[in-house]
Amino acid sequence: MSTPRTTELPDIPRTIGGIAAALETHWQDKFWDDVRRIHDGISARMTIDDWWRQAVIDTAGEDTVRRATLEDAADLHLIELAKADSDGITMSHDEAMAVYEQTQVS
């Protein structure tokens, strides 16, 4: 049985400064707009996660294959962080969508 290959992520600190330094220039205004909208710990975490992911992808430049690979790797990394922070109760995408749809009916 072979071990799946993992993509090494670039060393971008998951901080506002680290992310700002790594993002492509055309994202800077939107990034800082989102940072100014942070109002609590949850919004801070979401903003940092979203923009860290984009900064990771941006390190690939114009290489579309590398960008896709880094996008997948960053997503998996963020999933693992969320699992580590959770109380062990997680839902699959399908389960989450079922809950969402149920709330839309009510």
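Below is a table of values for the structure above.
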quantity	calculated
Candidate set: region 51-72, residues that are among the small types (G, A, S) and loosely packed, with under 13 Cβ neighbours inside 10 Å; chosen: the one farthest from A82 (Cα to Cα)	G61
Selection count, region 25-40, where residues are under 22 Å from A60 (Cβ atoms) and surrounded by 13 or more Cβ atoms within 10 Å (Cβ to Cβ)	3
Count - residues of region 11-24 that are in a helix (DSSP H, G or I) and surrounded by 11 or more Cβ atoms within 10 Å (Cβ to Cβ)	6
The listed residue being at pLDDT below 95 and under 17 Å from the mean Cα position of the chain (by Cα), out of D40, D58, D75, D94	D75
The listed residue being of a type outside the set (A, V, I, L, M, F, W, C), in contact with an Asp or Glu (Cβ under 9 Å, 6 or more places away or on another chain) and free of Cβ contacts under 8 Å to residues at least 24 places away in the same chain, out of T47, T64, T103	T47
Residue in region 43-50 that is loosely packed, with under 10 Cβ neighbours inside 10 Å and either hydrophobic (A, V, I, L, M, F, W, C) or over 14 Å from the mean Cα position of the chain (by Cα) (or both) present	no
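The values are calculated or read from the model by the stated rules, or taken from the named source; none is laboratory data. On a predicted model such as this, the values are computed, not experimentally measured, just so you know. Reconstructed Cβ throughout: ideal geometry from the backbone, glycine too, with neighbour counts over all protein chains shown.
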